[in-house]
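Take a look at the structure below.
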Amino acid sequence: MTAPVERSRRVASATVDPGFPALKDRVIARTGHNYYEDKDDLLYDRLRKRMRSRGVADCAAYSSLLDGAAGREEWAALEAEITIGETFFFRYAEQFAALRKTILPELIEARGEIRRLRIWSAGCSTGAEPYSLAILVHDLLGEALADWSVTILGTDLSAGALAVAREAEFGPWALRTLDTEERARWFRRTPARPGLPHGGYALRPAFRRMVRFERQNLLTLIDGSDRTQGGFDLILCRNVLIYFSTDHVTRIVRALGERLNPQGWLLIGHAEPNPTFSQWLQPVALPGTVAYRPIDTPVPPPPPVLVSALPDLAPILVAPPPEPAPAPAAAAPALPVPIPRPAPPAIAHPLSPGDLLAEIRVLADAGETARAWRRLHEEIDGYATDSPLRYYEGLLALDLGREREAERALRGALFLDRGFVMAHFQLGLLLARVGRRGEAARALDNALRLAQGLPPETILPEGDGVSAARLAESARRALAGITGRDA
């Protein structure tokens, strides 16, 4: 395998290039991205991509280029390169459940007289987050939307990401948590074009026109140069604060709080809360997440959370094993509930499965699914028993239009873990798209029965925050679309 050698060479190159430390300091100072403080190999890899693009040999030459006549444009390209953005709809399902059930209904009621909502998605990347909010607000207001003034602002440091956001066309990777009915209702299929060689999904105009985009560095919130007007009812700044130093994070969150209406809401990433935020903002516990409000906002006690008893799980048909693995001689027994799944046996390998998965997700989330596919295939043979990697092999193949390879990978994941709910679900959607309705119905029924056998609030492994209840609902809708009757 060549990848570990290439990985070592990247680190070594960053170490021996005498201009790298100074350039690294410049990048961090300009962007505030302390995320790269201990990630020389990752930063150098992205710098090297820009250096190759501009035909310069080393960091010193590239630094001179940044100081030259084309420096402004090159800084924009570099900032786009080093900003890693998630690009899928309804990310963090628990937070979108809180938005649907609590936050937005309360805001709609509170703003009922003036009929105005102002929402800000800070660090919006390629637009999946603000567009998800547009879909949600549209569904909640229904026909009354015509009487409301709804402003959804998306901001990001990356000019390239914003250009993609304005196009509002996405590949299957960005829609991986949506079922067939949701895709049809919110998007229309588009033909192949550069960047989407197998076609994509264009957001419908009703949602697209609710969002506008602007370029912004969040450091402007604390250096006095920001021109964003306050008075927002809802601000989302999720998975962005991880880039910044502790001091910058504290000051950015305080500045965001100051831009909220008196009864507004702030949502940040699951891993980003800090006890110091309570000096300026009041944390509010919601099912599966924490939100923040101005400190003098009255907060009602949370409703009790009811957990239903675990139902009996009916026997489930198991999808056949992947080629060329031989089929098992005997029929599989009824499936146990496999959540959480035990970790696979340890394998002596330069990269852990988790490290490799994180690496390919970074590439895919940045829109580089072809590169993620190649990277995974450099290593996949060394992880023969890792079902999540086989699952993501299937998702990447779907994004690239490789349907046969996607099916083989998803069946491989299920051969390794027959209780892999998300693999059953994605296999069912794939088989339905290619017209194999009977097989699709069996795979979706597997997903439905497994999900129904779990407490509704269970977050499914590799489901990107999707709960058992939501997956069961999606599988039920997909089954109804295939069979013409409720599951």
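Counting only Cβ charges, +1 for Lys and Arg and -1 for Asp and Glu, the dipole size of segment 368-487 around its Cα centre is about 540 debye.
Here, segment 354-436 yields an orientationally averaged convex hull projection of 5.1 nm² when only Cα atoms define the hull.
Which length gain, in nm to one decimal place, applies between Arg193 and Val290 when the Cα-Cα distance is subtracted from 0.36 nm times their residue separation? Don't jump to the answer; show the numbers that get you there.
On the way: separation 97, 0.36 × 97 = 34.92 nm, distance 4.08 nm.
Stretched fully, the Arg193-Val290 segment lengthens by 30.8 nm.
Near Phe232, the amide H atoms lying under 5 Å from its own belong to Leu260, Asn261; only residues 5 or more places off or on other chains count, and H is placed 1.01 Å from N. A protection proxy built from the mean count of other Cβ atoms within 10 Å ranks the segments 35-48, 461-474, most packed first, as 461-474, 35-48.
Net charge of the neighbourhood of Ala475, taken over other residues with C-beta under 10 Å away and scored Lys/Arg +1, Asp/Glu -1, is +1.
In percent, what relative contact order does segment 114-199 have, based on Cα pairs under 8 Å that are 6 or more apart in sequence?
Working: 79 pairs, mean separation 28.2, N = 86.
Answer for segment 114-199 is 33 percent.
Computed over segment 145-283, the P(r) curve from all C-alpha pair distances, binned at 10 Å from the origin, holds 10, 33, 32, 21, 5, 0 percent per bin. The alpha carbon centroids of segment 155-191 and segment 416-487 are separated by 22 Å. Evaluated with a Cβ-only charge set (Lys, Arg +1; Asp, Glu -1), segment 164-246 carries a dipole of roughly 420 debye about its Cα centre, given to the nearest 20. Surface calculation, 1.4 Å probe, protein heavy atoms: Glu74 sits at approximately 0 Å² accessible. Annotation: amide H-H contacts under 5 Å for Thr458 (H modelled 1.01 Å from N, sequence separation of 5 or more, or interchain): Ala468, Ala469.
Most tightly packed first, judged by the mean number of other beta-carbon atoms within 10 Å of their residues, the peptides 242-255, 446-459 read 446-459, 242-255. Solvent-accessible area per residue in segment 162-209 equals 47 Å², computed with a 1.4 angstrom probe and all protein chains kept.
Between the alpha-carbon centres of segment 93-129 and segment 368-393 there is a gap of 36 Å.
The phi torsions of segment 92-103, fed into the Karplus equation with coefficients 6.51, -1.76 and 1.60 and a -60° offset, translate into couplings of 6, 4, 5, 6, 6, 5, 5, 5, 5, 8, 10, 5 Hz, rounded to whole numbers, with Gly and Pro shown as x.
Please compute the per residue accessible area over segment 405-487 with all protein chains in place, 1.4 Å probe, rounded to a whole number of Å². Could the numbers behind the result be given before it?
Details: 2930 Å² over 83 residues.
On a per-residue basis, segment 405-487 sits at 35 Å².
Extending 7 Å from the Cα toward the beta-carbon at both Ile242 and Ser53 defines two label points whose distance is 2.3 nm. A simple count of charges around Thr151, restricted to other residues whose Cβ falls under 10 Å of its Cβ and scoring Lys, Arg +1 and Asp, Glu -1, yields +2.
What number comes out for accessible area per residue over segment 58-97 if the probe is 1.4 Å? Units Å², please. If you can, show how the numbers build up before the last one.
Details: 1400 Å² over 40 residues.
On a per-residue basis, 35 Å².
Largest accessible area first, the listed residues Arg437, Arg404 line up as Arg404, Arg437 when surface is computed with a 1.4 Å probe on the assembled protein chains.
The values are calculated or read from the model by the stated rules, or taken from the named source; none is laboratory data. Owing to the predicted nature of the structure, the values given are computational and were not obtained by experimental measurement. Cβ atoms come from the backbone with ideal geometry, glycine included; neighbour counts cover every protein chain shown. Just the protein is used for accessible areas: all its heavy atoms, side chains included, with ligands, DNA and RNA removed. Shrake-Rupley method; radii C 1.70, N 1.55, O 1.52, S 1.80 Å.
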